[in-house]
Amino acid sequence: MPRRIARPLGSPCIDLCVLTPTPPRLCTGCGRTGDEIAAWTAMSETERQRVLGELPARLAALARSERGKA
């Protein structure tokens with residue numbers, strides 16, 4: 001049976017880096033905070049998994065917020 005090699009979690013960046021003007025200052029592209037973006041390479045896999053798990057809800061909230069402004 002082939003051995004599985006764990007790969008480090010890659011960045012969720014999609015090169016649409018614009019931070020919201022109000023706290024928590026989320027990136028409208030990936031949903032991370034500025035602090036999370038800056039610390040990404042130093043984060044443990046567990047920390048990255050936690051952040052990645054939170055991104056869908058953050059991005060959905062951003063989308064709802066944007067729809068409310070239109």
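What to note about this one:
- Entry comment: accessible area of region 9-63 is 60 Å² per residue, from protein heavy atoms only and a probe of 1.4 Å.
- By the helix-only formula, in which each DSSP H run with n ≥ 4 contributes -39500 (n - 2.57) and the sum is divided by residues, the chain has a 222 nm mean residue ellipticity of -14500 deg cm²/dmol.
- Percent carbon-and-sulfur accessible area, region 25-66, ignoring ligands, DNA and RNA, probe 1.4 Å: 57
- Between the helical axis of 45-69 and the longest alpha-carbon principal axis of the chain there is an angle of about 20 degrees.
- Karplus-derived 3J(HN,Hα) values for region 17-22, using 6.51 cos²θ - 1.76 cosθ + 1.60 with θ = phi - 60°, are 7, 9, 8, 4, x, 10 Hz; glycine and proline are entered as x.
- Taking θ as phi - 60° and the Karplus parameters 6.51, -1.76 and 1.60, the scalar couplings of region 28-35 work out to 6, x, 10, x, 7, 7, x, 5 Hz in sequence order, x denoting glycine and proline.
- Read-out Cα extents along the principal axes in Å, derived from the coordinates shown; its label in (i) 54, 24, 20; (ii) 40, 31, 26; (iii) 64, 32, 11: (i)
- Nearest-20 debye value, the chain charge dipole, Cβ charges on Lys, Arg, Asp, Glu: 240
- Leu26 long-range amide H proximity, modeled H, under 5 Å: Thr20
- Counting Lys and Arg as +1 and Asp and Glu as -1 over every other residue whose Cβ lies under 14 Å from the Cβ of Cys27, the net charge comes to -2.
The values are calculated or read from the model by the stated rules, or taken from the named source; none is laboratory data. All values derive from a computational prediction rather than experimental measurement. Note that we place each Cβ from the backbone using ideal geometry, even for glycine, and neighbour counts take in every protein chain shown. Surface accessibility is based on the protein's heavy atoms, side chains included, excluding ligands, DNA and RNA. Shrake-Rupley method; radii C 1.70, N 1.55, O 1.52, S 1.80 Å.
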